[in-house]
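Let me begin by presenting the structure, written as structure tokens, before commenting on it.
The values are calculated or read from the model by the stated rules, or taken from the named source; none is laboratory data. Since the structure is predicted, the reported quantities are computational estimates derived from the model, not experimental observations. Quick reminder, even Gly has a Cβ in these numbers, built from the backbone with ideal geometry, and neighbours come from all protein chains shown. Calculation scope for accessible area: heavy atoms of the full protein, side chains included, ligands and nucleic acids excluded. Shrake-Rupley method; radii C 1.70, N 1.55, O 1.52, S 1.80 Å.
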Amino acid sequence: MVTATFRFYAELNDFLPPARRTREFASPCARAATTKHMIEALGVPHTEVDLVLVNGASAGFDRLLDDGDRVAVYPKFEAFDITPLLRVREKPLRDTRFVADAHLGGLAHLLRMAGFDTLYDNHYHDDEIERLAHQEGRIVLTRDRDLLKRRSVTHGCYVRALHTEAQFREVFERLDLARSARPFTHCLSCNGRLRPIAKADVEAGLPPRVRERYERFTTCDGCHRVFWEGTHWQRMRRVLDGVMAGFSGSGGGEADD
Ligand SMILES: [Zn+2]
């Protein structure tokens, strides 16, 4: 029987029962268990983990555990540089794209508004989300830790907050999104690309009040809807500005590069 000692750091403790939080504890391991097997068996989705040390040396998810091993498990670091150490995931995803689970529609809309390609449908099953994440290189957003434990989900974000704006702020901070935000480039309805369109091209279909008041329009290549900067747009803009303002040095949310 192999018994290893585990210690989880920072917010990873949220996944543990109270008696195991912020302290070392021993756990029996299955035969030929890897660090990944054990971390997930103890309740922590591997997507939440950024660094694993075994006996003080960085280790991958495939490291087999031996009797007496001491395993330290860390989330994404905010404050100190760990570049000399091996992170368990060597390749970050090149483009930041998401697939949100069926409970995160509000978050999905805010991410689209901020310019991130985000798939969402309240009929998605877990299998579909896993497939989309794997095939299209998308980060899974969910409050379901079992979904993040699936084998082919390599990049995911367990969303802790319950309310939409707080969720948006959390994901923005954790994934450091401010620099790559491109507000109002994706359709809130279908995630298609938005492009400016001349008023003359859409005028005929507009309600009279909109035709009188607005001059700037965009259209979606996916669903062909036409958008203008009405009260809904303004409200969303305030939400977005409020979140982005919290990230100093981010360029204030403007596309600055
Ligand atoms: Zn659309």
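So how much slack lies between residue 233 and residue 55, counting 0.36 nm per residue of separation and subtracting their Cα-Cα distance, in nm?
Working: separation 178, 0.36 × 178 = 64.08 nm, distance 5.30 nm.
Value of the extension gain: 58.8 nm.
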List 37, 125, ordered by accessible area with a 1.4 Å probe, largest first: 125, 37
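Kindly provide the trypsin sites (Lys or Arg not before Pro) of the range 100-204 that DSSP labels as loop, not H, G, I, E or B, and whose Cβ sees at most 10 other Cβ atoms within 10 Å.
Filter output for the range 100-204: 151.
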Cut-off of 10 Å, at most 11 other beta carbons, DSSP loop: longest stretch of the chain lacking such GluC sites (Glu not before Pro): 91-214
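Which values, in whole Å and largest first, are the semi-axes of the equivalent ellipsoid of the chain obtained as the square root of 5 times each eigenvalue of the Cα gyration tensor? Intermediate results must be reported in sequence, preceding the final value.
Values: eigenvalues 369, 63, 43 Å².
Gyration-tensor ellipsoid for the chain: 43, 18, 15 Å.
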Separation in nanometres of the label points that stand 7 Å from Cα toward Cβ, at residue 22 and residue 203: 6.6 nm
The chain, accessible surface, carbon-and-sulfur percent (1.4 angstrom probe): 49 percent
In Å², nearest 10: area of residue 121 left accessible to a 1.4 Å probe: 60 Å²
Computed lengthening from residue 189 to residue 14, 0.36 nm per intervening residue step minus Cα-Cα distance: 59.6 nm
Highest-fluctuation residue, 28, 18, 45 considered, GNM on the chain with Cα pairs under 10 Å: 18
